[in-house]
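The values are calculated or read from the model by the stated rules, or taken from the named source; none is laboratory data. Computed from a predicted structure; not experimentally measured. Neighbour counts are summed over all protein chains in view; Cβ atoms, including those assigned to glycine, are modelled from backbone coordinates with ideal geometry.
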Amino acid sequence: MKYNIRVYQAKKSNLSKVDFNNIPFGQTYSDHMFVADYKDGQWQNLQIRPLSHLSFHPGLMALHYGQSFFEGMKASKTNAGVPMLMRPEMHAQRMNHSAERLCMPAIPEALFVQALEKLVALDKNWIPQTPGAALYLRPFMFATDETLGVRPSNTYKFIILTGPVGPYYAKPVKLWVEQKYVRAVAGGTGEAKAAGNYAGSLYPMKLAAERGYDQIIWTDAFEHKYLHEAGTMNLFFVMDGKVITPSTDGEILKGITRDCFLKILKAKGIPHEVRPIHIDELVQSYKNGKLEAAFGAGTAAVVSPVCEITYGDFKMTVPEMKPNSIPALLKAEIEGLRNGTIPDTYGWMHPIETAAVVTAPKKKKVLVLEPA
Ligand SMILES: Cc1ncc(COP(=O)(O)O)c(C=O)c1O
């Protein structure tokens with residue numbers, strides 16, 4: 001199905017104000033955003049319009065009861081200049097998984113993809129050309145009813161923001177194995193990208209930062225023994241020649257980078273396992289000199305090398321990522337797919353048609369930004 005997305009173009013672009021050699025993550029936005037309203041049981045008012053503030057009633061339900069979630073993905077350009085999304089359908093599916101868990105409406109997959117295509121096509125000049133840089137895409141949804149009382153909202157907004165992000169030279173991270181606080185528990189919202197999951201992680205992360213750590217390794221809620229994930233990335237360990245990542249089991253976000261890595265490992269015949277990982281296994285492997293690498297996997301850095309893991313008083317120094325190591329190979333494969341130097345045998349890359357985007361008629365002087 002083709003959706004009718006009206007496009008209102010910004011009168012003036014802010015592109016020339018951006019220093020593409022210095023783009024801190026999440027602080028620069030492109031000229032346009034996609035906005036849709038959910039009302040009377042359907043998505044309507046589909047628009048791409050200039051980025052602007054929104055005004056809202058203080059009774060906005062998202063603020064009180066937390067019906068809010070987001071996605072994170074990137075658009076990049078191949079070396080030949082073709083804008084690309086990577087696995088947008090999988091992001092749509094994860095988005096709808098989050099929506100279902102938070103009792104929010106699904107976004108039709110085709111609408112999600114068409115909104116991204118049109119928005120990225122319009123702001124294609126915002127996709128950085130520097131190797132490793134990209135246009136970060138932030139689809140999100142929140143409840144907009146203006147009444148108090150714990151119940152699902154009847155109305156919602158779905159918005160997509162975009163903004164350029166520089167190449168992410170991930171400094172190896174120090175991780176603290178958390179034994180008191182939890183991010184998620186089976187049956188909870190850990191597998192959704194619920195905004196509240198991130199709010200709940202801030203205080204334990206602050207404590208870990210005060211001890212000198214970059215991120216927490218979250219563990220299971222009952223024994224604090226099984227390793228889950230860290231910050232905004234899934235975890236991989238290379239032990240005794242084998243790549244191991246924790247099974248998600250409803251408690252860990254099903255990272256799309258994680259899924260890509262598992263498929264790449266399979267395609268390349270690299271031994272790997274998906275299963276629960278007990279902290280004692282990691283400690284033993286380290287003591288026996290079999291811990292070869294540890295790294296995080298996520299959209300932002302692709303691969304985040306880990307240099308240290310501390311469990312209570314026990315500090316493990318993880319070997320540096322070597323140029324021909326497994327994490328380096330995984331990172332190179334994703335970057336090669338994005339810049340078009342590696343053929344897309346996986347069927348993940350989604351080129352974007354950049355023929356002129358048809359904008360709404362100019363004569364409409366006053367743009368009505370909110371539904372009447
Ligand atoms: C909690 C959490 N885990 C893992 C990830 C990695 O997921 P992805 O590879 O889809 O970016 C993210 C990032 O979205 C995250 O927020």
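Yes or no, residue by residue, for (1) of a type in the set (Ser, Thr, Tyr); (2) out of contact with any Lys or Arg (no Cβ under 6 Å at 6 or more places or on another chain); (3) assigned by TED's automatic domain parsing to the domain that holds Ala208:
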site	(1), (2), (3)
Val303	no, no, yes
Val306	no, yes, yes
Lys315	no, yes, yes
Ile326	no, yes, no
Leu329	no, yes, no
Ala332	no, yes, no
Ala355	no, yes, no
Pro361	no, yes, no
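Considered as a group, the residues in the stretch 147-168 that are surrounded by fewer than 19 Cβ atoms within 10 Å (Cβ to Cβ) and small (Gly, Ala, Ser) include one that is nearest to His53 (Cα to Cα), and that residue is Gly166. Could you list, in sequence order, all residues of the stretch 77-94 that are farther than 19 Å from Met233 by Cβ and out of contact with any Leu (no Cβ under 7 Å at 6 or more places or on another chain)? Answer for the stretch 77-94, where residues must be farther than 19 Å from Met233 by Cβ and out of contact with any Leu (no Cβ under 7 Å at 6 or more places or on another chain): Lys77, Thr78, Asn79, Ala80, Gly81, Val82, Pro83, Met84, Glu89, Ala92, Gln93.
So that you can scan it fast, the table gives a plain yes or no per residue for (1) within 16 Å of the ligand (Cβ to nearest atom); (2) at pLDDT below 95; (3) under 16 Å from Leu235 (Cα atoms):
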| site | (1), (2), (3) |
| --- | --- |
| Lys268 | no, no, no |
| Glu273 | no, no, yes |
| Ile279 | no, no, yes |
| Asn288 | no, no, no |
| Ala293 | no, no, yes |
| Gly298 | yes, no, yes |
| Ile309 | no, no, yes |
| Met316 | no, no, yes |
| Met321 | no, yes, yes |
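Restricting attention to the stretch 108-118, the residues being over 18 Å from the mean Cα position of the chain (by Cα) and in a helix (DSSP H, G or I) number 4. With respect to the conditions (1) buried (at least 16 other Cβ atoms within 10 Å of the Cβ); (2) away from the ligand (no atom under 16 Å from the Cβ), Lys171 falls short on a single one, namely (1).
Mind counting the residues in the stretch 309-349 that are part of a helix (DSSP H, G or I) and surrounded by fewer than 15 Cβ atoms within 10 Å (Cβ to Cβ)? The number of residues fulfilling the criteria is 1. Residues of the stretch 236-259 that are more than 8 Å from the ligand (Cβ to nearest atom) and either within 14 Å of Gly190 (Cβ to Cβ) or charged (D, E, K, R) (or both): Asp240, Lys242, Pro246, Ser247, Thr248, Asp249, Gly250, Glu251. Taking the criterion of being under 24 Å from Met1 (Cα atoms) and free of Cβ contacts under 8 Å to residues at least 12 places away in the same chain, the only residue of the stretch 13-40 that qualifies is Asp40. Scanning the stretch 76-100 for residues that are surrounded by fewer than 19 Cβ atoms within 10 Å (Cβ to Cβ), over 13 Å from the mean Cα position of the chain (by Cα) and closer than 13 Å to Met349 by Cα returns Thr78, Val82, Glu89. Look at the stretch 252-266: where a residue is assigned by TED's automatic domain parsing to the domain that holds Leu227 and at pLDDT 95 or above and a partner is more than 8 Å from the ligand (Cβ to nearest atom) and assigned to a helix (DSSP H, G or I), sitting 6+ places away or on another chain with Cβ atoms under 7 Å, you get Ile256/Met90; Cys260/Ile334; Phe261/Leu330; Ile264/Leu330; Ile264/Glu333.
Which residue, of Met104, Met73, is crowded, with 17+ Cβ neighbours inside 10 Å and over 16 Å from Lys254 (Cβ atoms)? Let's see the steps before the verdict.
Values: Met73 fails: over 16 Å from Lys254 (Cβ atoms).
The conditions single out Met104.
Among the criteria (1) farther than 26 Å from Leu15 by Cα; (2) touching a Phe, Trp or Tyr at 6+ places or on another chain (Cβ under 7 Å); (3) more than 14 Å from the ligand (Cβ to nearest atom), the one Leu119 does not fulfil is (1). Looking at the stretch 191-213, is at least one residue of a type in the set (Ser, Thr, Tyr), within 19 Å of the chain's Cα centre (by Cα) and surrounded by fewer than 20 Cβ atoms within 10 Å (Cβ to Cβ)? Scanning the stretch 191-213, I find at least one residue that is of a type in the set (Ser, Thr, Tyr), within 19 Å of the chain's Cα centre (by Cα) and surrounded by fewer than 20 Cβ atoms within 10 Å (Cβ to Cβ), so the answer is yes.
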